[in-house]
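Here's the structure we're looking at; comments come further down.
The values are calculated or read from the model by the stated rules, or taken from the named source; none is laboratory data. Model, not experiment: these values are computed from the prediction. With ideal geometry, Cβ positions are generated from the backbone for all residues, glycine too; neighbour counts draw on all protein chains shown.
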Amino acid sequence: MSLDQPQLDTSPKVSDEVRKTTCYMCACRCGINVHMKDGKVAYIEGNKDHPVNQGVLCAKGSAGIMQHNAPSRLRAPLKRVGERGSGEFEEISWEEALTLATEWLAPVREKHPEKLAFFTGRDQSQSFTSFWAQGFGTPNYAAHGGFCSVNMAAAGIYTMGGAFWEFGQPDWDHTKLFMLFGVAEDHDSNPIKMGIGKIKKRGARMIGVNPIRTGYNAVADDWVGITPGTDGLFILAMVHCLMKAGKVDLDYLARFTNASVLVNEDPKSNQFGLFLRDQDGQPQVIDRRTGQLAPWNGVGVEPDLAATHRAKGVTHRPVFHQMADRYLSDTYAPEAVAERCGISAERIRAIAADLARVAFDEAIELDRPWTDFRGVKHDKMVGRPVSFHAMRGISAHSNGFQTCRALHVLQILLGSVEVPGGMRFKPPYPKPATAHPKPHGKVTPGAALDGPHLGYTHGPEDLLLDTEGNPTRIDKAYSWENPMSAHGLMHMVISNAHAGVPYKIDTLFMYMANMSWNSSMNVGGVHKMLTDKDDSGDYVIPRIIYSDAYSSEMVAYADLILPDTTYLERHDCISLLDRPICEADGVADAIRWPVVEPDRDVRGFQSVLCDLGARLGLPGFVNEDGSQKYQDYADYITNHIRRPGIGPLAGFRGDGDDHGRGEANPNQIDRYIANGGFWIDHVPKNAAYYKPFSMDYQNWAVKMGFYDAVQPYIFQLYVEPMRKFQAAAEGVGERQPPEHLRERLKLTMDPLPIWYGPLEDDQVDLAEYPIHALTQRPMAMYHSWGTQNAWLRQIHGHNPLYVPTRIWEANGFQDGDWAKVSSVHGGIVVPVAHQASLNANTVWTWNAIGKRKGAWALDEKAPEVTKGFLLNHLIHELLPPKGDGLRWANSDPITGQAAWFDLRVKIEKSAVPNEAQPVMPQIKSPVPKAPDALAWKVGE
Ligand code: SF4
């Protein structure tokens, strides 16, 4: 061996310093170590100590450097100088920008606060932005949940006090069979990957249910290529099989759900379909010990699933009887649904049998004693090791709420929620619908709103309607059109504001939502609405203020731009008051902090709101002497008190040793930084499961400040508030829906999960438009942010339309071909590619890859611009006319969730055009064009 081998440094020092913060390249909020060299970001790695990712970093996370250095970053406040939509702006100072915003907004607040519509997109500070909007006094606030996954979230809250992702997760350490329905792979990214890795290592099985086999479904042991929009039917067929075979957890159902609660069965009674209640208003069950009526939560009560009660000529039967009537019916037999779902009856039966076998024959026990809310002591925890996860795929349909309810009911019937091996909530969840606020919308000029905007309705009395029964919100949330719209309807704001229905607005104020491009249906129509002028030559939507960090397509349509920072340049707070980052075994929150200072004249949007709030004199943003209360967002994070002892961050409160509750701590952010950017406290072992029912958990939750008094509850298989809306449609009660909505409410507000076909199917000629069309989110991108990122663009530079074998062959497609894809609303011409692992009647593409010329500082010949495309051009926010003179929203009629995935199309071969069609006119870029080569090298 030669002795003069070169001396290699195998561990070069990559950084001078490591700064720990929270990733924002998607919504998972992993912990990251940002390596700094010469004061610049040199390298990003995962934080091994962080509860969310335990060191795992995905492609997006490591590409954060390129997001931070993106040429598309806005550089200074902008004031529109050309026509709206042209992209012509001049840079102005922050003082000018904030003075202008104050001049616009102050008179609105004084006279008609509802004429401000303030909506935020991928906002991770909703408890703060909603607090600001509440202080302003407008009822028109929401984030983007209405066009994302409100069906999943609201169905989960109403049914069991939480859903998946931020609210719950499979018990990855114990589950033996994991069933995954359609999910956005960019959203629940690292945590799901790590979870699937864990179960595969243990030899547990995974079933993927998705029309498209990519990503997580590609590594599933079984793939079920279901027909879009039929998930609810498939799930209820499995419910049918399980109930018929007696494979449901009767003991769990009796104790921990409302299966045993008695329901009035007299159609002539105005209580028909409602629970029998005692004088304290508590729902009644029959106690098996006495055979007598008892409140559901009485000490020692043993609810009877079978007993009925008859009094004053009225029969009351338990919910479980009603479920048997419905789900044992042949309507839900596998043979009856197989063709529609695209899954054979044998396969449906086999999957149901699999679920039952694992849940009951492979049950597990943990030797942990616990006490339930009736005072019953249990010496062990019994696990049904079957778990589920689902998100947007089953949610973004007009039948999505009932489908998500069906999935939650399926889990509960198996006894697999909040038990070892099943689905587990993440503190501070679960919280039942009754523990959330109701929606508020009472406007007083010059004053704050009467309470939080968003919440959960429990009957017609909670709707936000004026004296004539018209919606009081611009998005018509909490109206008869969508009575349970818990996240608002951001996707309807522009069209309602343009139409002046229910009223005209003055200012549209939005944050981080690309509403003129990939976040809107009917893109061309939205451009027109944003630029339309009235007879006087004024814009129909008079003023638009927008905040974003990047030169997105939306920027061109605003009058005033408030440029935000990148996520490495800002303070942020991932709060328990908002969308938590907790794990099932621990409560956790986190911060972001400026690991680098901005090199442009930009400010964190939340700090800007602190300033603007003070200029407008909003309550909560000024001191008694009128001075600015919070100098910036960091000041708010540290010193804001929401309830006694409760602030935005739960860790290191008081003198630094208080957690959950405690006084404000001036050094709190420093303590978070020293701790790696996060705080976690672990759930006591005997409180780790059965959280809604366990006094061990309930007492811990009160101590931590999740709520102020214990509030055990049972799961709501039967959602009584839905029955109240349905009863109103049948004519019961003072508050009555308009005639044209009665039949729809009677059908859709069923208190037990049902399935009905996607609404678009009823209004489109399915012989002409027979094919389903979907988008999926790739793991390597997050909304529109990814395809401007110099590293991530190399993974998905453009997006072909993937076509299944049957349609590929029928059209004689070849590699390199293009196709015209049409819906009743519009047409696109796009490149196609063959994919065999795809539902035979479904085409799809990646979401939000296509970009508009002039946006994002991309070259006009960039593949995202020339070959990339959006399906959004084919989708309208309204369903086609059906001849009754009305246009119905393309949304779920319960929550208003945008029904993106109901789309029907036809496809034909096209000549190869120069560029994907339609081509929108180029917009002028408010930032300089990117350099030809983008290199990033720090240090030697
Ligand atoms: S999963 Fe999301 S939050 Fe986590 S590292 Fe990747 S991009 Fe960042």
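What the table shows:
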{"item": "Residue within region 392-399 that is surrounded by 22 or more Cβ atoms within 10 Å (Cβ to Cβ), among the hydrophobic types (A, V, I, L, M, F, W, C) and not in a helix (DSSP H, G or I) present", "result": "yes"}
{"item": "Any hit, region 918-928, residues being in contact with a Leu (Cβ under 8 Å, 6 or more places away or on another chain) and not in a strand (DSSP E or B)", "result": "yes"}
{"item": "Qualifying positions in region 856-893 - hydrophobic (A, V, I, L, M, F, W, C) and out of contact with any Ser or Thr (no Cβ under 6 Å at 6 or more places or on another chain)", "result": "Leu858, Ala862, Val865, Phe869, Leu870, Ile875, Leu878, Leu879, Leu886, Trp888, Ala889"}
{"item": "Exclusive hit being crowded, with 16+ Cβ neighbours inside 10 Å, of a type in the set (D, E, K, R), part of a loop (DSSP other than H, G, I, E, B) and away from the ligand (no atom under 13 Å from the Cβ), set Arg75, Arg29, Arg19", "result": "Arg75"}
{"item": "Which numbered condition Pro211 fails, given (1) under 27 Å from Lys431 (Cα atoms); (2) more than 16 Å from the ligand (Cβ to nearest atom)", "result": "(1)"}
{"item": "Region 190-205, subset out of contact with any helix residue (DSSP H, G or I) (no Cβ under 9 Å at 6 or more places or on another chain) and under 13 Å from Leu177 (Cβ atoms), residue surrounded by the most Cβ atoms within 10 Å (Cβ to Cβ)", "result": "Ile199"}
{"item": "All positions within region 80-97 that are surrounded by fewer than 19 Cβ atoms within 10 Å (Cβ to Cβ) and in a helix (DSSP H, G or I)", "result": "Trp94, Glu95, Glu96"}
{"item": "Pairs with Cβ under 6 Å, 6+ apart, first in region 652-678 and in contact (Cβ under 8 Å) with a residue 40 or more places away in the chain and farther than 20 Å from Asn33 by Cβ, second in a loop (DSSP other than H, G, I, E, B) and among the hydrophobic types (A, V, I, L, M, F, W, C)", "result": "Gly660/Ala650"}
{"item": "Looking only at region 836-860, and only at residues there that are aromatic (Phe, Trp, Tyr) and closer than 11 Å to Tyr802 by Cβ, the one that is modelled with the lowest pLDDT", "result": "Trp846"}
{"item": "Total residues in region 144-192, condition within 16 Å of the ligand (Cβ to nearest atom), in a loop (DSSP other than H, G, I, E, B) and among the aliphatic types (A, V, I, L, M)", "result": "2"}
{"item": "Selected residue (criterion: nearest to the chain's Cα centre (by Cα)) from residues of region 32-48 that are away from the ligand (no atom under 16 Å from the Cβ) and assigned to a loop (DSSP other than H, G, I, E, B)", "result": "Gly39"}
{"item": "Asn53 more than 16 Å from Ser784 (Cα to Cα), buried (at least 21 other Cβ atoms within 10 Å of the Cβ) and within 10 Å of the ligand (Cβ to nearest atom)", "result": "yes"}
{"item": "From the options Ala590, Ala556, residue that is in contact with a Gly (Cβ under 6 Å, 6 or more places away or on another chain) and within 30 Å of Lys691 (Cβ to Cβ)", "result": "Ala590"}
{"item": "Among (1) within 8 Å of the ligand (Cβ to nearest atom); (2) touching a Leu at 6+ places or on another chain (Cβ under 7 Å); (3) modelled with pLDDT of 95 or more, the one test that Ala59 misses", "result": "(3)"}
{"item": "Tally of residues being in a loop (DSSP other than H, G, I, E, B) and within 37 Å of the chain's Cα centre (by Cα) across region 288-301", "result": "3"}
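Each row is one residue, and each column tells you yes or no for (1) surrounded by fewer than 18 Cβ atoms within 10 Å (Cβ to Cβ); (2) among the charged types (D, E, K, R); (3) touching a residue at least 60 places away in the same chain (Cβ under 8 Å).
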| residue | (1), (2), (3) |
| --- | --- |
| Leu874 | no, no, yes |
| Trp900 | no, no, yes |
| Arg904 | no, yes, yes |
| Pro913 | yes, no, yes |
| Ala916 | no, no, yes |
